[in-house]
Each structure stands twice: as structure tokens, then as C-alpha cells.
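One structure is given here, and the rest of the page talks about it.
The values are calculated or read from the model by the stated rules, or taken from the named source; none is laboratory data. Keep in mind that what you see is a predicted model, and the values were worked out from it rather than measured. Don't worry about glycine lacking a Cβ; one is built from the backbone with ideal geometry, like all the others, and counts go over all protein chains shown.
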Amino acid sequence: MTQNAITELAITGMTCDSCAAHVRQALEGVPGVSEAQVSYPDATARVVLEREVPIQQLTEAVVGSGYGAQPRNEDTIAASDGQVLHIAVIGSGGAAMAGALKAVERGARVTLIERGTIGGTCVNVGCVPSKIMIRAAHIAHLRRESPFDAGLPPSPSDVLRGPLLAQQQGRVEELRHAKYEGILESTPSIEVLHGQARFVDARTLHVALNDGGERVVAFDRCLIATGARATIPPIAGLADTPYWTSTEALETGAIPQRLAVIGASVVAVELAQAFARLGSQVTILARHTLLSQEDPAISEALVSAFRSEGIEVLEHTQASQVTYAGDEFVLTLGKDELRADRLLVATGRSPNTQELNLEAAGIKTDPRGAIAVDDGLRTSAGQIFAAGDCTDNPQFVYVAAAGGTRAAINMTGGEARLDLSAMPAVVFTDPQVATVGLSEQEAQAQGIETDTRMLTLDNVPRALANFDTRGFIKLVAHAETGRLLGVQAVAAEAGELIQSAALAIRNRMTVQDLADQLFPYLTMVEGLKLAAQTFTKDVTQLSCCAG
């Protein structure tokens, strides 16, 4: 290499000009570098060399400062040794698959490591089977009772759990093969290892293969996407009983006569109502209230709906002890007891990070074991990324998949960020619960002065036509500007309207902007327009089409 040669690096992880200054200092500290010009907007570093310097020495200096770097090449993604960039992906769920496929698309080769069933939680024991079961329970409920019983007499039927379970698991297997196993089999740039991965250091994994062998995997970049597992509370005696987590509940071949549910999480409320509609006598034990992290009005509406269906909700209640004898659970509740045939524990989920030996790679976690990531999905180890439920991001599969995709872009020389400011969320109860943006309480905690309106569903024509006016739509706006900050909805189809609210927030619309939009008549989403109109009008005095 001649004197004053120039090399260019693609830099990832910079979020401001100060970051660029840190990268410049790191590069100029490498012997043989006379000058480094780093651009945050372009995500590049132009390095002037006074003698030959190995490219790996430059990239390691950047990684050591907390950022990512690789040679800038428009045609192919290359590792520091000139070979195709090698990315290790730990896990095979939504985040892992999205990351692996995007990395391959951008020219990398991937080694994907999975210790259990391909596909992760969502398709196997989470979203897919639970929503199938919830839908079946909804059909059973409508056959037993509906707002139209006077003209359409109810015709309740027996619940045949065996055929329902076979139908559910058949669809699970179909989707797992179509969206996970089949894709991996047909993608030669992805090698799949079945085993448990542990970090040896920040560049190497040891994999204990399920068949008894072992592999050492050296990588240029790594994506951790190991998901989460059910959290089990430290209740005396619980560990010695055959309690269910959501996995066992979804795979059961029989509907219990009496079901106790410990927890008030999304999983707890969804499965509690499903089992109740399939024939169980259900009691929910909530340490605080149902969905206590949400606006209090949501809990009130959901409790009212549950109790109207015969579900017993015990708020501010905890079990101090659990025993199991004679095929019966006994839960001690202060001076009282609760007896049940089955017990579902649904108190949240904990990241699967304990067996990864993260300390060896210098990866930081929070007290729960969740991997700390920035908005580019980078961990505290510059060349290692993480996405999905094993991180400190919200535990939703679409957040996981978006994170995996963005991590792959960043691992292969791009720059992408995961923006969660308008993240919609849906709880699949009936009525559904859907939220996006800030609640009134969250906005006030941030010192934002708000103006809010709550529209009950007896003001929404679609709800009136359905003879189902349970719930509400609440809008949270900035008091001074009127900009929409958040929406909370409890409605039969709340999940179908919340994305419109997310788009409104993303585009910084005001409530007046929303009120001025055209919404089709006799749709639930028209409720957003009506709720927006309540900021300036009495909607009870409007004509039917809310113009």
C-alpha cells in the first residue's frame, strides 16, 4: 500500500454527530492512520493511511468504541478477511427468521441455531394456536347466546375438544412448514444447526448439538433471537403441582370443569375467556386489576364484560399457597380457599437468555435478563445484535420481526431504526382491547398537557346495528396543538380500527384532521371520526353519517 492510501468503511450505530466524533477518535488512535473523516448522515468513514493497516484492525477499533464497521462495497457484503459476511442467528422464531432472510437477501451467509422446534413461540405455542382456540370459543359463545336470540333461537352444542385440537394443531403444523421449515430448506445460504448455543467470546459460539455432537461457530455478526418463556411466580407449593402455562393450556385435550387463572396479563385474559366460552367455570386472580398497565377504563370495561359472561374476576387478590391432591388444586387466598380442576399460570414472560453465557461476549442485560438494545437493535457488544422477546423491547411478534429485519440491515452495512412511537397493540378478548401511542396517564407522566375525549359505543352506528355497544374509544390529544398522541379502544373489532389510529399518529395528525377525514358508514373504524368530532361537537346531534 502506498503512502496516504485511502480506505472507506460503512459505519453502523451512529445516531448523531457526536457519535461520528467518537468513531473518528477511535480510528485515529490506530497506528498508521493519519486522518479519519467520519460522516454521520452518510454512515461512512474515510480513513487516510500513512502505511499499510489491516482492515480488521480498523473495524475492531470502531467496534471497540461501541459501533459497527465493515469495508464499504456497493456490490457485496464482505467480512474483514474478504469472504462473504457470516452471520450467526440464535433462534428460529419471528425475529430470527426475518433477520436471517434479510441478511441473505443482502449478500450474507447465515448459520441459524435452534435448540427446540423450528418456528419459535408464535406459530407453535403462541399467536396462531391461541387465536384459533379463541375463534372457536367465540363461535361456541354465539351459538349459545347472541343479541339476536329472539329471532335466531340459540342452539348450543357439545364442545368436542379432540376435533378442535386436531384442527388447531393441523393448521399450526401447516404454517410452521410453509413459513419456517420449508423456507429454511429451500434457502442454501442458511445452514441450520439444532442445538444449544453459548458464547465463547464476542466472536465465537459453542453449539452443543441435540444429536450429541458439538460445533464451534465463528461469526462476523450475530443476532440473538431466543424469545421468552412463561414466568412462574414464587408461590409456596406451586412448583410441586401440575399447573399449566399457556403451552399446556393450548394443547390440552379436555376442557376442565373448573379453571383458576393466576395473572391478569394479555395471555391470562385471552385464555380465561376462551375456556369460559368452551364450558369452564373460570376464576381469575389479578394481583392488581386486569391489564393494569393500561388506562383504568380498559380494565373496568373488560371486568364488566367478563362478569356478564359468568367469569369470576377477583381483583387485588393473590394466592399465598397452592396445593394439589386428589386431582384438585387448592389455592389459599387469605382466609378463603379456591378449588379448581386445572390451574393456568399466566403472569408474564421472561427472556430466554440464561444459558447463552452473555457475559463472555460483554452483552448487558436488565434485571429480568432482557438484552438491552438501542433503536438499531445493537447490544453493548458492537457486532452482536438482538431482537424479539429476549430484548427489552415490547413482546409482540410483529415488533420481533421488524427488529430482526432492521438488525439484519444494520449488520450488513445499512442503517435502520426500530421506531415504536406508534406501535399498535391488540388483546383478543371480546370485546377486543386495542391501543396505540400514549395513554392519558403516560402523557401526563411525561409532563404533556392533554385534552381527552371518550366516546361510548352507543354513539357508533356500527355498534348499534350489531346490538353490541360494550366499550368505548378514547382519544388523547396535545392540549395546545390538538395533535393526536394516543388512542385506546375497547370494542368488538377494536383490532381492526387501531391501525388507522396508528397511521394518524405516525403522520402527526390533529384530532381535527381526523374528524375531517372520510370514513365509510357503518364500520367500527368510523368511531375514530366520531370520537375526534367530540372535541368540537355534540355527536348525539349529528345526522347518521357523521359528516
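General remarks:
- Complete set of residues in the range 529-543 that are out of contact with any helix residue (DSSP H, G or I) (no Cβ under 6 Å at 6 or more places or on another chain), in contact (Cβ under 8 Å) with a residue 60 or more places away in the chain and farther than 14 Å from Leu484 by Cα: Thr540
- For the range 268-289, the set of residues classified as within 22 Å of Val330 (Cα to Cα) and among the aliphatic types (A, V, I, L, M) consists of Ala268, Val269, Leu271, Ala272, Ala276, Val282, Ile284, Leu285, Ala286, listed by residue number.
- Residue in the range 414-422 that is touching a residue at least 60 places away in the same chain (Cβ under 8 Å), in a loop (DSSP other than H, G, I, E, B), closer than 30 Å to Ala218 by Cβ and not assigned by TED's automatic domain parsing to the domain that holds Pro296 present: yes
- Screening the candidates Thr540, Thr534 for the property of being of a type in the set (S, T, N, Q), under 24 Å from Glu300 (Cβ atoms) and at pLDDT below 95 yields one hit, Thr540.
A quick yes/no check of all residues on (1) within 14 Å of Lys179 (Cβ to Cβ); (2) at pLDDT 95 or above; (3) among the charged types (D, E, K, R); (4) not assigned by TED's automatic domain parsing to the domain that holds Asn210:
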{"site": "Gly91", "(1), (2), (3), (4)": "no, yes, no, no"}
{"site": "Ala100", "(1), (2), (3), (4)": "yes, yes, no, no"}
{"site": "Arg109", "(1), (2), (3), (4)": "no, yes, yes, no"}
{"site": "Ile113", "(1), (2), (3), (4)": "no, yes, no, no"}
{"site": "Gly116", "(1), (2), (3), (4)": "no, yes, no, no"}
{"site": "Cys122", "(1), (2), (3), (4)": "yes, yes, no, no"}
{"site": "Cys127", "(1), (2), (3), (4)": "yes, yes, no, no"}
{"site": "Ile134", "(1), (2), (3), (4)": "no, yes, no, no"}
{"site": "Ala137", "(1), (2), (3), (4)": "no, yes, no, no"}
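- Only one entry of Val436, Val426, Val399 meets the criterion of being crowded, with 21+ Cβ neighbours inside 10 Å and not in a helix (DSSP H, G or I), and that entry is Val436.
- Counted residues, the range 267-307 - those being among the basic types (Lys, Arg) and either out of contact with any strand residue (DSSP E or B) (no Cβ under 9 Å at 6 or more places or on another chain) or modelled with pLDDT under 95 (or both): 1
- Only residues that are in contact with a strand residue (DSSP E or B) (Cβ under 9 Å, 6 or more places away or on another chain), assigned to a loop (DSSP other than H, G, I, E, B) and within 16 Å of Ala20 (Cβ to Cβ) were counted across the range 51-69, and they come to 2.
- Residues that are surrounded by 14 or more Cβ atoms within 10 Å (Cβ to Cβ) and of a type in the set (Asp, Glu), drawn from the range 192-222: Asp220
- Pair list, Cβ < 8 Å and 6+ apart or interchain, from the range 140-162 residues that are not assigned by TED's automatic domain parsing to the domain that holds Arg470 to residues that are aromatic (Phe, Trp, Tyr): Pro147/Phe467; Phe148/Phe467
- Strands (runs of 3 or more DSSP E) contained in the range 279-328 and holding at least 3 residues over 20 Å from Thr241 (Cα atoms): 312-314
- Taking the criterion of being touching a helix residue (DSSP H, G or I) at 6+ places or on another chain (Cβ under 9 Å) and either hydrophobic (A, V, I, L, M, F, W, C) or part of a loop (DSSP other than H, G, I, E, B) (or both), the residues of the range 156-187 that qualify are Pro156, Ser157, Val159, Leu164, Leu165, Val172, Leu175, Ile183, Leu184, Thr187.
- The residue that is farthest from Gly376 (Cα to Cα), counting only those in the range 31-43 that are out of contact with any Leu (no Cβ under 6 Å at 6 or more places or on another chain) and surrounded by 17 or more Cβ atoms within 10 Å (Cβ to Cβ), is Val38.
- Any chance Ala264 is within 20 Å of Val433 (Cβ to Cβ), touching a strand residue (DSSP E or B) at 6+ places or on another chain (Cβ under 8 Å) and surrounded by fewer than 20 Cβ atoms within 10 Å (Cβ to Cβ): no
- Selected residue (criterion: surrounded by the most Cβ atoms within 10 Å (Cβ to Cβ)) from residues of the range 267-288 that are among the charged types (D, E, K, R) and within 20 Å of Val426 (Cβ to Cβ): Arg277
- Test for Gly119: is it in contact with a helix residue (DSSP H, G or I) (Cβ under 6 Å, 6 or more places away or on another chain) and under 30 Å from Phe219 (Cα atoms): yes
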